[in-house]
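Enquirer: I have a structure here, written as structure tokens, and I will follow up with some questions on it.
The values are calculated or read from the model by the stated rules, or taken from the named source; none is laboratory data. Being a predicted model, the structure only gives us computed values, none of them experimental. Backbone-built Cβ (ideal geometry, glycine too); neighbour counts: all protein chains shown. Surface accessibility is based on the protein's heavy atoms, side chains included, excluding ligands, DNA and RNA. Shrake-Rupley method; radii C 1.70, N 1.55, O 1.52, S 1.80 Å.
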Amino acid sequence: MRDFLIEPDERRRLPSVDRVLGSASDLIKQWGRSKVSSQIKTALAELRKNAAAKDSEQLSVDGIVEAVRVALSLNEQASALRPIINLTGIVLHTNLGRAILPQNALTAVLQVAGGPVNLEYDLSSGKRGNREKLVEELICELTGAEAATAVNNNAAAILLTLNTLANNKEVPLSRGEMVEIGDSFRIADIIERSGCTLVEVGATNRTHLTDFELAINKRTGLIIKIYPSNYRIEGFSQNVPEAKLSALAKRYDIPFVVDMGSGNLLDLGRYGLPREPTAMMSLQSGADIITFSGDKLLGGPQCGIIAGRADLINQIRKNPIKRALRIDKMTLAALTEVLKLYRHPDKLSSDLPTLKYLTRDQDDIKFQAGRISPKLSAALPATYNVKAVGCASQIGSGAMPIKSLPSFGIQVTADNDKLLRRLAEAMRELPYPVIGRISGGIFQLDLRCLDCESLFLDQLSDLKDLLN
Ligand SMILES: *Cc1c(COP(=O)(O)O)cnc(C)c1O
């Protein structure tokens, strides 16, 4: 289309792919021929589009090899998993990997990953062992459940539970609990993929016990309650308490399942946080099975925990799909260590990073903001205006969506949005990318999760270079 814009002689000046390949032997050694060749094609196509704007150096074989070298390493850097600094103010950020593991879990992961372990081997009998024994004991101890198992994430926990207990059966669910969790992931879709027929009951804002009663028949497999993770229905609203749903399920001899979303094992009120129902409370209210995530409030590795009645957990364990969803040895090791910390609730807010961030004192964050803000200000061009201000953090990952935690951070403003976007971009280009948030003409860094202050400060000179 645009070819007529380019002088034919300039296009002719571009070397062939093979000629560039011939001069790129070191790149081929490092990256392999096919990757280098495809990057050369991309580079040539790019040059062909605007050859007129390029100098002869850029169009030369050496120039192209250099451009390809830079592109290959940049591409890899951009898509590799890299440590970042989370200053978004969202403690459990799904896009940033959710919970940070505690030290004892990291040590355990290294140990089991680096050599053979007795994963399914009983050292006393020398026979096949049960990989989940200890983790199950811990979950039962902490939740009061009779039995428990773990799978890859909470979505898998729901899938496996429903497929085991209600395949080819109907599952009534309140219209007020038809949750979309993020990235178009809807629980209702999981329920249907589990082999169940979803039966919507009640209205968006109000569902009554009689709505469930009317929906139950011979084909009903179980009753499910899903915690509203990332929203609240306020005002003229009502949902049926767990105890009532449980009594109803018992009357019809079907299981009552609760998807708790964020796994909460303790009364968070004791740490000064908003109270959330605990796993133990749901089981005490009569839930036969509860499911929750391992990497949300629980503060552990990505996994999904299923706990409750022993006969049902046994059925769930025997479902062949369990094999496809089981956790690996690293997750198992990390989960075990995290659960062990819960045996000492008085030390939890210092040992478990998630709880440490959530309970960080606002004054402490404020002092930190006071230390950092003049240094950031000095590193930025005069077109930026920096000040330390109070702000509000969120727990994230659907936990207590309408509650926020008083925090402190740094606000940067500028004459125009373009400058702010450039700043956010430069922060992301740092060796340890810093992720903040732009909203309403302000670039905001919430310091609640900044536990590597010197690393942040060390990068300010890079930031200065990037913006000049
Ligand atoms: C987060 C969440 C899930 C999904 O959990 P994953 O561990 O991300 O699979 C399911 N249900 C509820 C209510 C949630 O909040």
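Enquirer: Within the stretch 183-214, take every residue that is among the acidic types (Asp, Glu) and surrounded by 15 or more Cβ atoms within 10 Å (Cβ to Cβ) and give me the one that is nearest to Asn168 (Cα to Cα).
Expert: Glu200
Enquirer: Here is a further query. Condition test on Ile438, is it over 30 Å from Ala155 (Cα atoms), β-branched (Val, Ile, Thr), crowded, with 18+ Cβ neighbours inside 10 Å and not assigned by TED's automatic domain parsing to the domain that holds Ala155?
Expert: The answer is no for Ile438.
Enquirer: Continuing with the same structure: In the set Ile313, Ile290, which member is under 26 Å from the mean Cα position of the chain (by Cα) and surrounded by 20 or more Cβ atoms within 10 Å (Cβ to Cβ)?
Expert: Details: Ile313 fails: under 26 Å from the mean Cα position of the chain (by Cα).
Step by step, each of Ile313, Ile290 is checked, and only Ile290 is under 26 Å from the mean Cα position of the chain (by Cα) and surrounded by 20 or more Cβ atoms within 10 Å (Cβ to Cβ).
Enquirer: Would you check if there is a residue in the stretch 411-432 being within 30 Å of Arg186 (Cα to Cα), away from the ligand (no atom under 16 Å from the Cβ) and in contact with an Asp or Glu (Cβ under 9 Å, 6 or more places away or on another chain)?
Expert: no
Enquirer: Restricting the stretch 357-374 to residues that are in contact (Cβ under 8 Å) with a residue 40 or more places away in the chain and not hydrophobic (A, V, I, L, M, F, W, C), which is nearest to Val389 (Cα to Cα)?
Expert: My answer is Lys366.
Enquirer: Testing Ala307 on (1) buried (at least 18 other Cβ atoms within 10 Å of the Cβ); (2) among the small types (Gly, Ala, Ser); (3) more than 16 Å from the ligand (Cβ to nearest atom), one condition comes back false. Which one is that?
Expert: Unmet for Ala307, out of (1) buried (at least 18 other Cβ atoms within 10 Å of the Cβ); (2) among the small types (Gly, Ala, Ser); (3) more than 16 Å from the ligand (Cβ to nearest atom): (3).
Enquirer: Within the stretch 22-81, which helices (runs of 4 or more DSSP H) (wholly inside it) include 2 or more residues that are within 27 Å of Arg428 (Cα to Cα)?
Expert: Filter on the stretch 22-81 gives 25-31, 33-49, 61-79.
Enquirer: Out of the residues in the stretch 39-58 that are free of Cβ contacts under 8 Å to residues at least 40 places away in the same chain and open to solvent by less than 60 Å² (accessible area, probe 1.4 Å), state the one that is nearest to Glu76 (Cα to Cα).
Expert: Here the answer is Gln39.
Enquirer: Still on this model: Which fully enclosed strands (runs of 3 or more DSSP E) of the stretch 113-226 have 1 or more residues being within 24 Å of Ala247 (Cα to Cα) and within 16 Å of the ligand (Cβ to nearest atom)?
Expert: 147-151, 170-174, 197-201, 223-226
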